[in-house]
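Asker: Mind looking over this structure? Questions follow.
The values are calculated or read from the model by the stated rules, or taken from the named source; none is laboratory data. Everything numeric in this text was worked out from a predicted model, so none of it was measured. In this analysis, Cβ positions are derived from the backbone assuming ideal geometry, glycine residues included, and neighbour counts consider all displayed protein chains.
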Amino acid sequence: MSILFRSLALGQLRLENRIIIAPMCQYSAIDGNAQDWHTIHLGSLVLSGAGLLILEATAVSPEGRISPTDLGLYSNNNEQALKRVLDAVRKYSDMPLAIQLSHAGRKGSSHAPWDGGAQIAPNAPTGWKTVAPSSAPHAEGDDAPRALDKTGLSKVKNDFVLAAQRAERSGLDGIEIHMAHGYLLHQFLSPLSNHRTDEYGGNLENRLRFPIEIFEAVKAAVSEAMTVWVRISATDWVPGGWDIDGALALSKALKERGCAAIHVSSGGVSPKQEIKLAPGYQVSFAERLKTEIGLPIIAVGLITEAAQAEDILQKGQADAVALARGILYNPRWPWHAAAQLGAQVNVPKQYWRCQPSEFRNLFKDMEIGQR
């Protein structure tokens, strides 16, 4: 049997297969509230046959949003709006659903990508003053963020806790804490963005401290039934920045604290990054962590073909693969992968009759009567 279509346990969470839909920002919320778009978007993806769907980066506070149209989980209205979406999509799918909880830090107050993605000035109608470990801006010309003091750090931690509790009340199955892509927790990890001189800055141990505290607080705030893991950037792709050795140290510390998995991405903290794109360009980082950490590892990044995904798992480079833009382009990617690899996939009964004649055992539990 294809490894890609074998089950996988992430803590208490059991996946039917090892295809994970990675978080993808939709920039389509209003005041953090999920809209009809989210029902349509997620409704399509839960019919894909993947093993797990992780909702987009969801802000733990208004100032933690990347853009004014980011999804949020910081108010009762946010929670109610998301619950409506989840209830709708779950009528037709039992795919496990997780959420990525995030704080954008100095990369917040930005336009949506289709509006250019540039920072919105804090005094503009839709802008706000961002916060960060230090007062260094993300890009030249950006407004400098406010460095978080002890009160600010405590607020961020409490915001993550409250969002995690909202996530569990909403019936989600897992929480991925966003420590990647140059957002707030990554900003604490990287010496390029963390210039603090207190116990949260300077050497590696200090730079790890706040992200670890966030993980501990979230883990303690939810029940044992809620699986919690993290997404990290394995490198900044900038000399002198965060690197794989730091990623290993962080992952080891998180494992000791009950982290269920590590989702391995890279980059995002600096416009000076030089990424050499190629198929599976981040898989070597996942392999290094899998070899040395002993936790389930999720690989992501230009994994586009079924044979490529299967090869990554066959070689032991990762335990699961995550798709993002590729599954937006082809929302039935897992169906096609199962057909190519001689495996089976869960498909809604409403679609059973579309099974091609050459793949008679492709859809699980299929029973068709014809009149």
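Asker: Could you grab me the full set of residues in the range 319-335 that are in a helix (DSSP H, G or I) and either more than 13 Å from N17 (Cβ to Cβ) or modelled with pLDDT under 95 (or both)? Full working, then the answer.
Answerer: Keep residues of the range 319-335 that are in a helix (DSSP H, G or I), which gives 325-329, 333-335.
Listed by number, the residues that qualify are R325, G326, I327, L328, Y329.
Asker: Considering only the range 336-355, state which residues are of a type outside the set (S, T, N, Q) and more than 16 Å from R18 (Cβ to Cβ).
Answerer: We begin by selecting, within the range 336-355, every residue of a type outside the set (S, T, N, Q); these are 336-339, 341-343, 345, 347-349, 351-354.
Residues satisfying the conditions are A339, V347, P348, K349, Y351, W352, R353, C354.
Asker: List the residue pairs whose Cβ atoms are under 6 Å apart, where the first residue sits in the range 116-133 and is closer than 11 Å to A104 by Cβ and of a type in the set (A, V, I, L, M), the second is buried (at least 17 other Cβ atoms within 10 Å of the Cβ) and modelled with pLDDT of 95 or more, and the two are 6 or more positions apart or on different chains.
Answerer: V131/P145; V131/L148; A132/G105; A132/R106; A132/P145; A132/Q187
Asker: Which number in (1) surrounded by fewer than 23 Cβ atoms within 10 Å (Cβ to Cβ); (2) polar (S, T, N, Q); (3) modelled with pLDDT of 95 or more marks the one condition that T58 misses?
Answerer: The number of the failed condition is (1).
Asker: What are the residues in the range 207-226 that are out of contact with any Leu (no Cβ under 9 Å at 6 or more places or on another chain) and either part of a helix (DSSP H, G or I) or crowded, with 16+ Cβ neighbours inside 10 Å (or both), if any?
Answerer: R209, E216, A217, K219, A220, V222 - these are the residues of the range 207-226 that are out of contact with any Leu (no Cβ under 9 Å at 6 or more places or on another chain) and either part of a helix (DSSP H, G or I) or crowded, with 16+ Cβ neighbours inside 10 Å (or both).
The rows are residues; the columns are (1) surrounded by fewer than 23 Cβ atoms within 10 Å (Cβ to Cβ); (2) among the polar types (S, T, N, Q); (3) in contact with a helix residue (DSSP H, G or I) (Cβ under 6 Å, 6 or more places away or on another chain); (4) in contact (Cβ under 8 Å) with a residue 40 or more places away in the chain.
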position	(1), (2), (3), (4)
I262	no, no, yes, no
T291	yes, yes, no, no
D311	yes, no, no, no
Q317	yes, yes, yes, no
R325	yes, no, no, yes
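Asker: Let me ask you something else. How many residues does the range 50-84 contain that are of a type in the set (A, V, I, L, M), assigned to a loop (DSSP other than H, G, I, E, B) and either on the phi > 0 side of the Ramachandran plot or in contact with a Lys or Arg (Cβ under 8 Å, 6 or more places away or on another chain) (or both)?
Answerer: Residues that pass the stated criteria total 2.
Asker: Let me ask something additional. Identify all residues within the range 1-20 that are out of contact with any strand residue (DSSP E or B) (no Cβ under 6 Å at 6 or more places or on another chain), surrounded by 20 or more Cβ atoms within 10 Å (Cβ to Cβ) and assigned to a loop (DSSP other than H, G, I, E, B); write none if there are none.
Answerer: Passing the criteria: E16, N17.
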